[in-house]
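The values are calculated or read from the model by the stated rules, or taken from the named source; none is laboratory data. Remember, it's a predicted structure, so these values are computed and weren't measured experimentally. Quick reminder, even Gly has a Cβ in these numbers, built from the backbone with ideal geometry, and neighbours come from all protein chains shown. All accessible areas refer to the heavy atoms of the entire protein, side chains included, with ligands and DNA or RNA removed. Shrake-Rupley method; radii C 1.70, N 1.55, O 1.52, S 1.80 Å.
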Amino acid sequence: MTTMAIRMARTGIRMATGMITITDMIMPMVTITAMSIMRTPMARRMFMTRIATMAMTTIIRMATTMITVIRMGTAIRTSMTEGATLPLLVWLSPSFPVGAFAYSHGLEWAVEAGDLSDAGSCQAWMADILEYGSGRTDAILLAHAFRASIELDHEKLGEVAELAIALQPSAERHLEASAQGNAFITAAKAAWPSRSLEFLSRSYQGDVAYPIAVGVAAAGFAMPLHAVLDAFLLGFVANLVSSAVRLGPIGQTDGQRIIASLVPLVRRIASEGMTASLDDLGSSAFRSDLASLRHETQYTRLFRS
(Lines give C-alpha, C1' and ligand atoms only; values in the text may rest on other atoms or scores of the structure.)
Protein backbone atom coordinates (compact mmCIF):
# COMPACT_ATOMS: atom_id res chain seq x y z
CA MET A 1 0.00 0.00 0.00
CA THR A 2 2.84 2.41 0.78
CA THR A 3 4.50 1.85 -2.60
CA MET A 4 1.18 2.32 -4.39
CA ALA A 5 0.57 5.57 -2.51
CA ILE A 6 3.94 6.95 -3.55
CA ARG A 7 3.28 6.02 -7.19
CA MET A 8 -0.13 7.73 -7.03
CA ALA A 9 1.50 10.83 -5.55
CA ARG A 10 4.07 10.97 -8.31
CA THR A 11 1.38 10.45 -10.98
CA GLY A 12 -0.67 13.25 -9.44
CA ILE A 13 2.26 15.66 -9.65
CA ARG A 14 2.83 14.77 -13.31
CA MET A 15 -0.87 15.18 -14.11
CA ALA A 16 -1.11 18.54 -12.36
CA THR A 17 2.00 19.79 -14.12
CA GLY A 18 0.65 18.58 -17.45
CA MET A 19 -2.71 20.31 -16.92
CA ILE A 20 -1.01 23.65 -16.30
CA THR A 21 1.07 23.19 -19.43
CA ILE A 22 -2.04 22.40 -21.50
CA THR A 23 -3.79 25.46 -20.06
CA ASP A 24 -0.85 27.62 -21.08
CA MET A 25 -1.13 26.24 -24.63
CA ILE A 26 -4.90 26.55 -24.99
CA MET A 27 -5.36 30.01 -23.46
CA PRO A 28 -3.75 31.94 -26.34
CA MET A 29 -5.86 29.99 -28.85
CA VAL A 30 -9.10 30.77 -26.97
CA THR A 31 -8.12 34.41 -26.67
CA ILE A 32 -7.38 34.76 -30.41
CA THR A 33 -10.71 33.14 -31.33
CA ALA A 34 -12.68 35.36 -28.95
CA MET A 35 -10.96 38.51 -30.18
CA SER A 36 -11.95 37.69 -33.78
CA ILE A 37 -15.59 37.05 -32.82
CA MET A 38 -16.24 39.96 -30.45
CA ARG A 39 -16.44 43.30 -32.21
CA THR A 40 -16.73 45.91 -29.41
CA PRO A 41 -13.83 46.79 -27.08
CA MET A 42 -16.12 46.51 -24.01
CA ALA A 43 -17.14 42.94 -24.89
CA ARG A 44 -13.53 42.02 -25.44
CA ARG A 45 -12.46 43.44 -22.08
CA MET A 46 -15.27 41.65 -20.24
CA PHE A 47 -14.43 38.41 -21.97
CA MET A 48 -10.71 38.75 -21.21
CA THR A 49 -11.42 39.59 -17.55
CA ARG A 50 -13.58 36.48 -17.15
CA ILE A 51 -11.01 34.26 -18.86
CA ALA A 52 -8.18 35.67 -16.74
CA THR A 53 -10.18 35.07 -13.55
CA MET A 54 -11.03 31.50 -14.55
CA ALA A 55 -7.40 30.78 -15.52
CA MET A 56 -6.06 32.17 -12.24
CA THR A 57 -8.59 30.16 -10.22
CA THR A 58 -7.66 26.99 -12.10
CA ILE A 59 -3.93 27.55 -11.62
CA ILE A 60 -4.38 28.21 -7.88
CA ARG A 61 -6.40 25.01 -7.51
CA MET A 62 -3.78 23.02 -9.41
CA ALA A 63 -0.96 24.51 -7.33
CA THR A 64 -2.84 23.64 -4.13
CA THR A 65 -3.31 20.09 -5.38
CA MET A 66 0.39 19.80 -6.20
CA ILE A 67 1.40 21.02 -2.74
CA THR A 68 -0.99 18.55 -1.10
CA VAL A 69 0.36 15.68 -3.21
CA ILE A 70 3.98 16.61 -2.42
CA ARG A 71 3.18 16.78 1.30
CA MET A 72 1.52 13.36 1.11
CA GLY A 73 4.61 11.91 -0.56
CA THR A 74 6.89 13.46 2.05
CA ALA A 75 4.73 12.13 4.88
CA ILE A 76 4.72 8.65 3.34
CA ARG A 77 8.51 8.63 2.92
CA THR A 78 9.00 9.87 6.49
CA SER A 79 6.66 7.18 7.80
CA MET A 80 8.55 4.52 5.86
CA THR A 81 11.92 5.69 7.26
CA GLU A 82 10.65 5.80 10.82
CA GLY A 83 8.97 2.41 10.49
CA ALA A 84 12.07 0.80 9.01
CA THR A 85 14.09 1.47 12.16
CA LEU A 86 11.63 -0.19 14.54
CA PRO A 87 13.43 -3.57 14.48
CA LEU A 88 16.48 -1.81 15.98
CA LEU A 89 14.52 -1.37 19.22
CA VAL A 90 14.28 -5.16 19.41
CA TRP A 91 17.71 -6.10 18.06
CA LEU A 92 19.61 -3.83 20.46
CA SER A 93 17.46 -4.41 23.52
CA PRO A 94 18.63 -6.62 26.43
CA SER A 95 15.91 -9.14 25.49
CA PHE A 96 17.50 -9.99 22.13
CA PRO A 97 19.36 -13.30 22.64
CA VAL A 98 22.99 -12.31 22.03
CA GLY A 99 24.15 -12.58 25.64
CA ALA A 100 25.41 -9.00 25.91
CA PHE A 101 24.84 -9.06 29.68
CA ALA A 102 27.70 -11.55 30.06
CA TYR A 103 30.42 -9.18 28.79
CA SER A 104 31.95 -6.17 30.55
CA HIS A 105 34.49 -5.21 27.84
CA GLY A 106 37.26 -5.26 30.46
CA LEU A 107 35.41 -3.08 32.98
CA GLU A 108 35.47 -5.82 35.60
CA TRP A 109 39.27 -5.76 35.80
CA ALA A 110 39.30 -1.94 35.71
CA VAL A 111 37.00 -1.84 38.75
CA GLU A 112 39.17 -4.30 40.66
CA ALA A 113 42.33 -2.38 39.72
CA GLY A 114 40.79 0.85 41.04
CA ASP A 115 40.61 2.61 37.67
CA LEU A 116 36.82 2.90 37.98
CA SER A 117 35.56 4.00 41.37
CA ASP A 118 32.82 6.59 40.76
CA ALA A 119 30.59 8.15 38.11
CA GLY A 120 33.29 10.54 36.86
CA SER A 121 35.89 7.84 36.24
CA CYS A 122 33.31 5.56 34.60
CA GLN A 123 32.11 8.32 32.27
CA ALA A 124 35.67 9.22 31.25
CA TRP A 125 36.55 5.56 30.62
CA MET A 126 33.49 4.97 28.45
CA ALA A 127 34.00 8.21 26.53
CA ASP A 128 37.56 7.16 25.70
CA ILE A 129 36.37 3.75 24.48
CA LEU A 130 33.84 5.47 22.25
CA GLU A 131 36.19 8.05 20.80
CA TYR A 132 39.53 6.24 20.73
CA GLY A 133 38.71 2.54 21.07
CA SER A 134 36.29 -0.10 19.92
CA GLY A 135 33.29 2.25 19.71
CA ARG A 136 34.83 4.20 16.83
CA THR A 137 36.26 1.06 15.21
CA ASP A 138 32.95 -0.80 15.36
CA ALA A 139 31.11 2.19 13.84
CA ILE A 140 33.43 2.24 10.84
CA LEU A 141 33.21 -1.54 10.35
CA LEU A 142 29.42 -1.52 10.65
CA ALA A 143 29.11 1.25 8.05
CA HIS A 144 31.31 -0.61 5.54
CA ALA A 145 29.46 -3.90 6.09
CA PHE A 146 26.17 -2.07 5.60
CA ARG A 147 27.26 -0.52 2.30
CA ALA A 148 28.83 -3.75 1.02
CA SER A 149 25.52 -5.52 1.64
CA ILE A 150 23.54 -2.80 -0.13
CA GLU A 151 25.92 -2.93 -3.12
CA LEU A 152 26.03 -6.76 -3.12
CA ASP A 153 29.83 -6.64 -3.02
CA HIS A 154 30.91 -10.17 -2.02
CA GLU A 155 34.60 -9.36 -1.86
CA LYS A 156 34.20 -6.18 0.19
CA LEU A 157 31.82 -7.76 2.69
CA GLY A 158 34.11 -10.75 3.20
CA GLU A 159 37.09 -8.44 3.69
CA VAL A 160 35.30 -6.30 6.29
CA ALA A 161 33.94 -9.32 8.16
CA GLU A 162 37.38 -10.91 8.35
CA LEU A 163 39.01 -7.63 9.41
CA ALA A 164 36.49 -7.12 12.22
CA ILE A 165 37.50 -10.43 13.79
CA ALA A 166 41.23 -9.87 13.25
CA LEU A 167 41.17 -6.50 15.02
CA GLN A 168 40.07 -7.93 18.38
CA PRO A 169 42.93 -7.25 20.86
CA SER A 170 42.50 -10.27 23.14
CA ALA A 171 40.97 -13.73 23.35
CA GLU A 172 38.09 -12.50 25.51
CA ARG A 173 37.32 -9.56 23.24
CA HIS A 174 37.37 -11.99 20.31
CA LEU A 175 34.85 -14.08 22.22
CA GLU A 176 32.74 -11.03 23.05
CA ALA A 177 32.59 -9.89 19.43
CA SER A 178 32.14 -13.26 17.75
CA ALA A 179 29.76 -14.88 20.25
CA GLN A 180 27.38 -11.93 20.11
CA GLY A 181 27.71 -11.65 16.34
CA ASN A 182 27.05 -15.34 15.69
CA ALA A 183 24.12 -15.33 18.13
CA PHE A 184 22.68 -12.24 16.45
CA ILE A 185 22.86 -13.88 13.02
CA THR A 186 21.16 -17.03 14.31
CA ALA A 187 18.32 -15.12 15.97
CA ALA A 188 17.88 -12.70 13.05
CA LYS A 189 17.70 -15.49 10.47
CA ALA A 190 15.04 -17.26 12.52
CA ALA A 191 12.86 -14.24 13.30
CA TRP A 192 13.94 -11.40 10.98
CA PRO A 193 15.10 -13.09 7.76
CA SER A 194 16.40 -10.99 4.88
CA ARG A 195 18.35 -11.43 1.66
CA SER A 196 21.32 -9.57 3.12
CA LEU A 197 21.80 -12.22 5.80
CA GLU A 198 21.88 -14.92 3.14
CA PHE A 199 24.27 -12.78 1.13
CA LEU A 200 26.59 -12.64 4.16
CA SER A 201 26.53 -16.44 4.44
CA ARG A 202 27.62 -16.75 0.80
CA SER A 203 30.30 -14.07 1.13
CA TYR A 204 31.95 -15.17 4.38
CA GLN A 205 31.96 -18.43 6.33
CA GLY A 206 33.90 -17.53 9.50
CA ASP A 207 32.84 -16.09 12.86
CA VAL A 208 30.87 -12.86 12.45
CA ALA A 209 31.70 -9.88 14.66
CA TYR A 210 28.76 -8.16 16.32
CA PRO A 211 28.92 -4.83 14.38
CA ILE A 212 29.10 -6.72 11.08
CA ALA A 213 26.02 -8.75 11.95
CA VAL A 214 24.02 -5.66 12.88
CA GLY A 215 25.15 -3.73 9.80
CA VAL A 216 24.22 -6.53 7.41
CA ALA A 217 20.82 -7.10 9.03
CA ALA A 218 20.05 -3.37 8.94
CA ALA A 219 20.93 -3.24 5.25
CA GLY A 220 18.42 -6.01 4.61
CA PHE A 221 15.66 -3.79 5.98
CA ALA A 222 16.89 -0.66 4.13
CA MET A 223 17.34 1.26 7.36
CA PRO A 224 19.01 4.70 7.33
CA LEU A 225 22.66 4.16 8.21
CA HIS A 226 22.92 7.13 10.56
CA ALA A 227 20.07 5.78 12.70
CA VAL A 228 21.66 2.33 12.83
CA LEU A 229 25.01 3.73 13.96
CA ASP A 230 23.38 5.98 16.58
CA ALA A 231 21.39 3.08 18.00
CA PHE A 232 24.28 0.61 17.91
CA LEU A 233 26.70 2.90 19.74
CA LEU A 234 24.10 3.98 22.29
CA GLY A 235 23.31 0.32 22.94
CA PHE A 236 27.03 -0.32 23.43
CA VAL A 237 27.22 2.49 26.00
CA ALA A 238 24.13 1.21 27.78
CA ASN A 239 25.70 -2.24 28.11
CA LEU A 240 28.91 -0.76 29.54
CA VAL A 241 26.86 1.21 32.05
CA SER A 242 24.88 -1.90 32.98
CA SER A 243 28.15 -3.71 33.67
CA ALA A 244 29.41 -0.85 35.84
CA VAL A 245 26.16 -0.79 37.83
CA ARG A 246 26.39 -4.51 38.54
CA LEU A 247 30.03 -4.21 39.53
CA GLY A 248 29.24 -1.54 42.11
CA PRO A 249 31.10 1.73 41.44
CA ILE A 250 27.94 3.53 40.28
CA GLY A 251 24.22 3.31 40.92
CA GLN A 252 21.37 3.25 38.46
CA THR A 253 20.77 7.01 38.55
CA ASP A 254 24.43 7.77 37.90
CA GLY A 255 24.31 5.21 35.11
CA GLN A 256 21.47 7.03 33.39
CA ARG A 257 23.30 10.34 33.79
CA ILE A 258 26.35 8.84 32.10
CA ILE A 259 24.29 7.54 29.16
CA ALA A 260 22.61 10.92 28.72
CA SER A 261 25.91 12.79 28.87
CA LEU A 262 27.48 10.56 26.20
CA VAL A 263 24.67 10.97 23.64
CA PRO A 264 26.36 13.94 21.85
CA LEU A 265 29.59 11.95 21.58
CA VAL A 266 27.67 8.94 20.29
CA ARG A 267 26.16 11.08 17.54
CA ARG A 268 29.53 12.53 16.57
CA ILE A 269 31.27 9.16 16.42
CA ALA A 270 28.35 7.77 14.40
CA SER A 271 28.58 10.68 11.97
CA GLU A 272 32.33 10.22 11.56
CA GLY A 273 31.89 6.48 11.12
CA MET A 274 29.59 7.02 8.14
CA THR A 275 32.31 8.69 6.09
CA ALA A 276 35.50 7.07 7.42
CA SER A 277 37.46 4.64 5.25
CA LEU A 278 38.98 1.35 6.36
CA ASP A 279 42.34 3.14 6.38
CA ASP A 280 40.99 5.28 9.22
CA LEU A 281 40.65 2.24 11.48
CA GLY A 282 42.78 2.31 14.60
CA SER A 283 42.63 2.30 18.37
CA SER A 284 44.54 4.04 21.12
CA ALA A 285 42.48 2.94 24.14
CA PHE A 286 45.39 0.89 25.47
CA ARG A 287 44.21 0.68 29.06
CA SER A 288 40.92 -0.85 27.92
CA ASP A 289 42.78 -3.39 25.77
CA LEU A 290 45.09 -4.26 28.68
CA ALA A 291 42.06 -4.66 30.94
CA SER A 292 40.61 -7.26 28.58
CA LEU A 293 43.95 -9.14 28.60
CA ARG A 294 44.34 -9.09 32.38
CA HIS A 295 40.73 -10.09 32.91
CA GLU A 296 41.62 -13.50 31.48
CA THR A 297 43.59 -14.36 34.63
CA GLN A 298 41.46 -12.43 37.14
CA TYR A 299 40.74 -14.65 40.13
CA THR A 300 37.04 -13.90 40.71
CA ARG A 301 34.88 -12.91 37.76
CA LEU A 302 31.23 -12.18 37.05
CA PHE A 303 31.70 -11.56 33.33
CA ARG A 304 33.22 -13.40 30.37
CA SER A 305 35.25 -10.38 29.32
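Accessible area per residue for the range 83-213, computed on protein heavy atoms with a 1.4 Å probe, is 41 Å².
Summing Lys, Arg as +1 and Asp, Glu as -1, what charge do residues with Cβ under 15 Å from the Cβ of GLY181 carry, GLY181 excluded?
Numbers: positive: ARG173, LYS189, ARG304; negative: ASP138, GLU162, GLU172, GLU176, ASP207.
With Lys, Arg at +1 and Asp, Glu at -1, the neighbours total -2.
For the range 96-181, the share of accessible area belonging to carbon and sulfur comes to 54 percent (1.4 Å probe, ligands and nucleic acids excluded). Using only side-chain charges placed at the Cβ, +1 for Lys and Arg and -1 for Asp and Glu, the dipole size of the range 235-305 relative to its Cα centre rounds to 340 debye.
Once you list every other residue whose beta carbon is under 14 Å from the beta carbon of ILE212, what net charge do they have if Lys and Arg are +1 and Asp and Glu are -1?
Numbers: positive: ARG147, LYS156; negative: ASP138, ASP153, GLU159, GLU162, GLU176, ASP207.
Here the charged neighbours net out to -4.
The residue among CYS122, ALA166, THR186 whose Cα reaches farthest toward the positive pole of the charge dipole of the range 100-219, with charges on the beta-carbon of Lys, Arg, Asp and Glu, is THR186. Near SER117, the amide H atoms lying under 5 Å from its own belong to CYS122; only residues 5 or more places off or on other chains count, and H is placed 1.01 Å from N.
Contact order for the range 155-305, expressed relative to its length and based on alpha carbon pairs under 8 Å spaced 6+ residues apart, stands at 27 percent. From the alpha carbon centroid of the range 235-287 to that of the range 165-212 is 21 Å.
3J(HN,Hα) along the range 142-159: 4, 4, 6, 5, 4, 5, 5, 5, 4, 7, 6, 9, 4, 5, 5, 5, x, 5 Hz, from the Karplus curve 6.51 cos²θ - 1.76 cosθ + 1.60 with θ = phi - 60°, whole Hz, x for Gly and Pro. Were the residues from GLN252 through ARG195 laid out at 0.36 nm apart, the gain over their Cα-Cα distance would be 16.5 nm.
Each Cα pair under 8 Å and six or more residues apart adds its separation to the average, and for the range 87-167 the resulting relative contact order is 13 percent.
If I histogram all Cα-Cα distances within the range 71-209 using bins 5 Å wide from 0, what percent of pairs lands in each bin? Going out from 0 Å in 5 Å bins, the range 71-209 shows 2, 8, 14, 18, 19, 15, 10, 7, 5, 1, 1, 0 percent.
Net charge dipole, the range 76-230: roughly 700 debye, given to the nearest 20, about the Cα centre with Cβ charges of +1 for Lys and Arg and -1 for Asp and Glu.
Residue-wise HN-Hα couplings along the range 250-262, as the Karplus relation 6.51 cos²θ - 1.76 cosθ + 1.60 with θ = phi - 60° gives them from phi, are 9, x, 5, 5, 4, x, 5, 5, 5, 4, 4, 5, 8 Hz; Gly and Pro carry x.
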